[in-house]
1. Test Pro212 against the stated conditions and say whether it is in contact (Cβ under 8 Å) with a residue 24 or more places away in the chain, assigned to a loop (DSSP other than H, G, I, E, B), surrounded by 17 or more Cβ atoms within 10 Å (Cβ to Cβ) and not β-branched (Val, Ile, Thr).
2. Mind listing whichever residues of the range 145-197 are in contact (Cβ under 8 Å) with a residue 60 or more places away in the chain, of a type outside the set (S, T, N, Q), part of a loop (DSSP other than H, G, I, E, B) and under 23 Å from Ile59 (Cα atoms)?
3. Where residues in the range 294-317 are touching a residue at least 24 places away in the same chain (Cβ under 8 Å) and among the β-branched types (Val, Ile, Thr), which of them is nearest to Pro333 (Cα to Cα)?
4. Being of a type in the set (Gly, Ala, Ser), part of a loop (DSSP other than H, G, I, E, B) and either crowded, with 22+ Cβ neighbours inside 10 Å or without any contact (Cβ under 8 Å) to a residue 12 or more places away in the chain (or both), is that true of even one residue in the range 247-256?
5. Given the conditions (1) within 16 Å of Val225 (Cβ to Cβ); (2) buried (at least 19 other Cβ atoms within 10 Å of the Cβ); (3) of a type in the set (D, E, K, R), which single one is not true for Asp315?
6. So which strands (runs of 3 or more DSSP E) stay within the range 64-127 end to end and still have 2 or more residues that are without any contact (Cβ under 8 Å) to a residue 12 or more places away in the chain, surrounded by 15 or more Cβ atoms within 10 Å (Cβ to Cβ) and among the small types (Gly, Ala, Ser)?
7. If I filter the range 139-170 down to residues being of a type in the set (A, V, I, L, M, F, W, C) and either more than 17 Å from Gly183 (Cα to Cα) or outside the structural domain of Val71 (by TED's automatic domain parsing) (or both), which single residue comes out as surrounded by the fewest Cβ atoms within 10 Å (Cβ to Cβ)?
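The values are calculated or read from the model by the stated rules, or taken from the named source; none is laboratory data. Here the structure is a predicted model, which means the values were calculated and not measured. Quick reminder, even Gly has a Cβ in these numbers, built from the backbone with ideal geometry, and neighbours come from all protein chains shown.
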Amino acid sequence: MADSASGVSVTDIPDPGDTAEKDLQRILEGQHVPVNHIAVGLDRIGNFIPKTKKTVYYIVGAVIINDAGQVLMIQEAKYLCYGQWYLPCGRVEREESLVEACKREVEEEAGLTFEPTTLLCVEYGSGYWYRLTFTGRITGGKLKTLDQKDKESLQAEWIDPVHIQNKTLPIRAKDILSLIQLGYKHWEKTASQRHQPCLPLSHRHKHIINRPLIVQKMSDNEIYVLMSSEGGSHFPCGVDFSRTPSALLTAYFILKEAMGKVKLRPRICGLMGIEHGGEPGCKEDGICFTTLVSLDAPDLPVIQNPVYKWMQVKDQTLIHNICFLFEKGKIVPFIDLSVRKT
């Protein structure tokens, strides 16, 4: 059937809902979905350009637990924390991927070759500091000893958790205690009980982008996702501007643009995906975080701006997979340090 005005077959025009569901499925499967338009934040970033180790700091670390239930730790060689213990951890270098950076840090500090299998969590630190903690398996190498000490570390050891719990081991900082706890929770679960493996995708971004998938779950069979038609049908995105105090600000700005005065309290359920370049020759140091954000509202909020709309998810398998992510422990934790309870 052809449209008499345009001569275009109506059946050839893709249904925006079908396209959105396919994009949603791709994100759930850990695939790349392009960012075609940025809805909020560009007018606030000024001249801010993310430059690794200059204006933005990506930190990678690893919680690795062996078959005996011991966690890999390294003894610090740095002057200010000399002799204290910490997880293998360090800054990502320019033109280095997040995964390669983590593998490098483990080998430099612990002497072991490491294969990350999934992100354990992501910590958001006010718009310019992010820590990505991986877990995975050791594939080779030899544990670093005191005879091999260098500027990276003095040595590495597999530490029984009792020495951490009873505080007999001098820890450099308490911030790793919650990460170690997350690591053990993950390690103790079966494969079917864990969250789906999530590793960064290699894709370049000019900005630090938040893509919150804003979801209103009415029931286990009725789910809506906020969409924008500006620049083509897509999930609305925003950019982080330097010193952003909270990861939720992007969701708040999007909701304000869509609904006007916002009295809702969006909640970040967790991380669905990360895209970052970092390969040799890459001159763009941005990153894209795709998070699952729940409104937890009693009714479907009314949209005022015609650019936005609620898309009801029709595919039953997709509905089931989204509901699965709302279950405790089924999605990678995305920790907003500005609101984290101490």
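1. No, not satisfied.
2. The first filter runs over the range 145-197 and keeps only residues in contact (Cβ under 8 Å) with a residue 60 or more places away in the chain, leaving 149-161, 164, 169-173, 176, 179-180, 182-187, 189, 193-197.
In the following step, the residues that additionally are of a type outside the set (S, T, N, Q) were identified as 149-152, 154, 156-161, 164, 169-173, 176, 179-180, 182-187, 189, 194-195, 197.
The next check asks that each one be part of a loop (DSSP other than H, G, I, E, B); those that pass are 149-152, 154, 160, 169-170, 172-173, 189, 194-195, 197.
Lys149, Asp150, Lys151, Glu152, Leu154, Pro170, Arg172, Ala173, His195, Pro197, listed by residue number.
3. Filtering the range 294-317 for residues that are touching a residue at least 24 places away in the same chain (Cβ under 8 Å) and among the β-branched types (Val, Ile, Thr), the one nearest to Pro333 (Cα to Cα) comes out as Val313.
4. Here is the first cut: in the range 247-256, the ones of a type in the set (Gly, Ala, Ser) are 247, 251.
Then drop every residue that is not part of a loop (DSSP other than H, G, I, E, B), which leaves 247.
Now narrow it down to the ones that are either crowded, with 22+ Cβ neighbours inside 10 Å or without any contact (Cβ under 8 Å) to a residue 12 or more places away in the chain (or both): 247.
Within the range 247-256, one or more residues are of a type in the set (Gly, Ala, Ser), part of a loop (DSSP other than H, G, I, E, B) and either crowded, with 22+ Cβ neighbours inside 10 Å or without any contact (Cβ under 8 Å) to a residue 12 or more places away in the chain (or both).
5. It fails just one condition, (2).
6. Working: elements: 71-75, 89-91, 112-125.
Answer list for the range 64-127: none.
7. Kept after step one, since they are of a type in the set (A, V, I, L, M, F, W, C), are these residues of the range 139-170: 143, 146, 154, 156, 158-159, 162, 164, 169.
Right, trim to either more than 17 Å from Gly183 (Cα to Cα) or outside the structural domain of Val71 (by TED's automatic domain parsing) (or both) and you get 143, 146, 154, 156, 169.
Working: Leu143: 14, Leu146: 8, Leu154: 20, Ala156: 23, Leu169: 17.
The residue in question is Leu146.
For (1) touching a helix residue (DSSP H, G or I) at 6+ places or on another chain (Cβ under 6 Å); (2) buried (at least 16 other Cβ atoms within 10 Å of the Cβ), each residue gets a yes or a no:
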{"site": "Asn221", "(1), (2)": "no, no"}
{"site": "Pro236", "(1), (2)": "yes, yes"}
{"site": "Gly260", "(1), (2)": "no, no"}
{"site": "Leu271", "(1), (2)": "no, yes"}
{"site": "Cys282", "(1), (2)": "no, yes"}
{"site": "Phe289", "(1), (2)": "no, yes"}
